[in-house]
């Protein structure tokens, strides 16, 4: 489709393969499958879930939320449901909100999802972006706990002045699709990759340090870092600046590419299933994405 090669992609991004959903598979379909697996692992039922938060920028519809679509698909009779549109930090934002609701006693058990069908908004004529993005979904069940485990600290920050560095220009109420619209690149993801790299590395490092300190920990106390899988160079730069050795960093970008809000829960699930996380381990998750928005969370497993 574009002038590139496997060697060019791998050396600059770390991506070797990606998964692209079929035309008849929606973001909501993937979210439902991830949710079923999470609920099964948690040993609870759909009736036990009283809050659904979905991080996504590629929902099935502009209205209603993907969380409500998921509720229709799976039947959560006791749940409130809404989306968080925070791009690559969507899962961490959703997790932070769920933690806050549970902490104040408003909800007891939340389903938190990161799901994206980025192939529906990727410009496959743009070499700078089309080699990066894949489709995926990940989910976790979060519930109240009094034994010291769970979310220890969260930090979220944004800079809306940098909005044009990663955005979709056309399709919202500011620039709607008008009669005769040619569906040029303005209706797909546009990214200023070189400038984002520098800002991402600096702010991901700062966010990770902040949540670790706020949790009363040091970097040495972290058993595993699960970063947003955007670019291997960003991951390497951030983790080296944090002083984390490779064995304490989980990377799966080579298999899935950048899946935006699905990236962190996808990696977290793989790390768990591979035995990379043990009960009592301190895990730091950190992400950066469109908005621009960045953040981090420390969890005691």
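The values are calculated or read from the model by the stated rules, or taken from the named source; none is laboratory data. These figures come from a predicted structure and were not determined experimentally. A quick note on method: Cβ atoms are made from the backbone with ideal geometry, for glycine too, and the neighbour counts reach across all protein chains shown.
At a glance:
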quantity	calculated
Residues that are part of a helix (DSSP H, G or I) and free of Cβ contacts under 8 Å to residues at least 40 places away in the same chain, drawn from region 173-186	186
Only listed residue being at positive phi and without any contact (Cβ under 8 Å) to a residue 40 or more places away in the chain, chosen from 243, 291	243
Hey, residue 194 assigned by TED's automatic domain parsing to the domain that holds residue 257, in a helix (DSSP H, G or I) and loosely packed, with under 13 Cβ neighbours inside 10 Å or not	yes
Which numbered condition residue 230 fails, given (1) without any contact (Cβ under 8 Å) to a residue 60 or more places away in the chain; (2) in a loop (DSSP other than H, G, I, E, B)	(1)
Residue match in region 84-104 (condition: touching a helix residue (DSSP H, G or I) at 6+ places or on another chain (Cβ under 6 Å), closer than 22 Å to residue 29 by Cα, surrounded by fewer than 24 Cβ atoms within 10 Å (Cβ to Cβ) and in contact (Cβ under 8 Å) with a residue 12 or more places away in the chain)	no
Region 104-143, residues that are assigned to a helix (DSSP H, G or I) and more than 18 Å from the chain's Cα centre (by Cα)	127, 128, 130
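Yes/no matrix, rows are residues, columns are (1) more than 29 Å from residue 131 (Cα to Cα); (2) touching a helix residue (DSSP H, G or I) at 6+ places or on another chain (Cβ under 8 Å):
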| site | (1), (2) |
| --- | --- |
| 4 | no, yes |
| 15 | no, yes |
| 24 | no, no |
| 34 | no, yes |
| 43 | yes, no |
| 47 | yes, no |
